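The values are calculated or read from the model by the stated rules, or taken from the named source; none is laboratory data. Only a predicted model underlies this, so the values are computations on that prediction, with no experimental measurement involved. All Cβ positions, glycine included, derive from the backbone under ideal geometry; neighbour counts span all protein chains shown. Only protein heavy atoms, including side chains, enter the accessible area calculation; ligands, DNA and RNA are left aside. Shrake-Rupley method; radii C 1.70, N 1.55, O 1.52, S 1.80 Å.
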Amino acid sequence: MDLKQLAYFVQVAELGSFSRAANLLAVAQSALSRQVRALEVELRQPLFERTGRGVTLTEAGRRLLDHGRGILAQVERARLDIEHQRDAASGRLVIGLPPSVGRTLSSVLVRAFRERFPAATLSVVEGLSHYTMEWLAIGRVDCAVVYNVAPSAAVDLLPVLDEPLYLVSARRKAGGRLIGAPITLAEVAQRPLVIPSRPHSVRMLLEAALAGQGRRASVALEIESVPAMLELVRNDALHAVLALNALQSSGAEDAFRARPIVAPALKTTLWIATSAQRARGPLLERSTALLRELLLAHRS
């Protein structure tokens, strides 16, 4: 597989058109088509479906696009690493954040990064932990903030902090404190829950704890979005199991009551994950320390 072919393929996929990609790349459309066709021949399956208004990706094309972006990003990082002095915190860094963290930390992180590493560029992407771990594996991100991931020889994990989990319900009366009386795990099992689908870390943690008591969660709805979950809690008499940060970052704390889960207490661990299979340059090392510093300050 040729890097030029891969770069051409990614450009066509992102623009949805051979003609627009050819104009942007300043190459003849026929030459661009030949390079992509050679890639399809090598992989022995079509990557695009041609339509009257451009092209769309096949399933094989969508898979290659995920890998291609990661490969090209790694090549660019390698080029920058060679060009710059090894002790300089320069280059490009991509950080993956879970949505509950990204909503409140992204702007703080970007400002601190610019101040501390003026010769570097930062890109922040949001995704659930199992998605960002996949992106880390294929090189789409350089590091990721994740919850409750399983140890792996391919990943270096730096623990940051533990966050207790709460049963979040709609507040029946105005006023009062956000934190209510504790609730046992057995009682949580009796509440209708809106909860993410597997393998979301909170879902897996809750179900494992309930299984230890011979119980099962009463899942009313499966929703991946925290704002959507909270909307259903507020309007549909459902409940959610969340860390307090997810509730506090919603901007609507007054509408909810959070009860600590006990017997046993449930907590989710926040980690910073990096690849153990790729070189760690000075920018990644220093940015990881900055990210941990901000996460701890944000939770204090």
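Starting from residues that are among the β-branched types (Val, Ile, Thr) and closer than 18 Å to residue 93 by Cβ, keep the ones in the range 143-159 and report whichever is surrounded by the fewest Cβ atoms within 10 Å (Cβ to Cβ).
At the first step, the residues of the range 143-159 found to be among the β-branched types (Val, Ile, Thr) are 145-146, 149, 155.
Narrowing the set further to residues that are closer than 18 Å to residue 93 by Cβ leaves 145-146, 155.
Details: 145: 24, 146: 27, 155: 19.
Top of the filtered list is 155.
Criterion first (under 17 Å from residue 64 (Cα atoms) and over 29 Å from the mean Cα position of the chain (by Cα)) does residue 35 satisfy it? Working first, answer last.
Numbers: under 17 Å from residue 64 (Cα atoms): yes; over 29 Å from the mean Cα position of the chain (by Cα): yes.
Here the answer is yes, as residue 35 does meet what is asked.
Taking the options 77, 63, 114, name whichever one is farther than 30 Å from residue 224 by Cα and out of contact with any Lys or Arg (no Cβ under 7 Å at 6 or more places or on another chain). Explain how you work it out, then say what you get.
Values: 77 fails: out of contact with any Lys or Arg (no Cβ under 7 Å at 6 or more places or on another chain); 63 fails: farther than 30 Å from residue 224 by Cα.
So the residue among 77, 63, 114 that is farther than 30 Å from residue 224 by Cα and out of contact with any Lys or Arg (no Cβ under 7 Å at 6 or more places or on another chain) is 114.
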State whether one or more residues within the range 189-197 are surrounded by 14 or more Cβ atoms within 10 Å (Cβ to Cβ), in contact (Cβ under 8 Å) with a residue 12 or more places away in the chain, in contact with a helix residue (DSSP H, G or I) (Cβ under 8 Å, 6 or more places away or on another chain) and not in a loop (DSSP other than H, G, I, E, B). yes
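With the condition kept exactly as written, say whether any residue in the range 105-116 is touching a residue at least 60 places away in the same chain (Cβ under 8 Å) and among the basic types (Lys, Arg).
The initial filter retains those residues of the range 105-116 that are touching a residue at least 60 places away in the same chain (Cβ under 8 Å), namely 105, 108-109, 112-113, 116.
Restricting the remaining residues to those that are among the basic types (Lys, Arg) gives 116.
Yes: one or more hits.
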Please pick out the residue among 197, 169 that is among the polar types (S, T, N, Q), modelled with pLDDT under 90 and closer than 23 Å to residue 99 by Cα. 197
I'd like the full set of residues that are buried (at least 18 other Cβ atoms within 10 Å of the Cβ) and not β-branched (Val, Ile, Thr), limited to the range 41-58. 47, 48, 57
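Could you check the range 276-289 and list, in sequence order, the residues that are in contact (Cβ under 8 Å) with a residue 12 or more places away in the chain and either open to solvent by 50 Å² or more (accessible area, probe 1.4 Å) or in contact with a helix residue (DSSP H, G or I) (Cβ under 6 Å, 6 or more places away or on another chain) (or both)?
Taking the range 276-289 as the starting set, the residues that turn out to be in contact (Cβ under 8 Å) with a residue 12 or more places away in the chain are 276-279, 281-284, 286-288.
Selection gives 277, 278, 279, 281, 286.
Looking at 77, 86 in this structure, which one is assigned to a loop (DSSP other than H, G, I, E, B), among the charged types (D, E, K, R) and at pLDDT below 90?
86
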Flag if residue 258 is closer than 26 Å to residue 292 by Cβ and open to solvent by less than 30 Å² (accessible area, probe 1.4 Å): yes
Report whether or not residue 96 is at pLDDT 90 or above, surrounded by 15 or more Cβ atoms within 10 Å (Cβ to Cβ) and part of a strand (DSSP E or B). yes
Could we say that residue 235 is of a type in the set (S, T, N, Q) and open to solvent by 60 Å² or more (accessible area, probe 1.4 Å) here? yes
Of the residues in the range 122-132, those that are over 19 Å from residue 157 (Cα atoms) and either out of contact with any Ser or Thr (no Cβ under 9 Å at 6 or more places or on another chain) or modelled with pLDDT under 90 (or both) come to 123
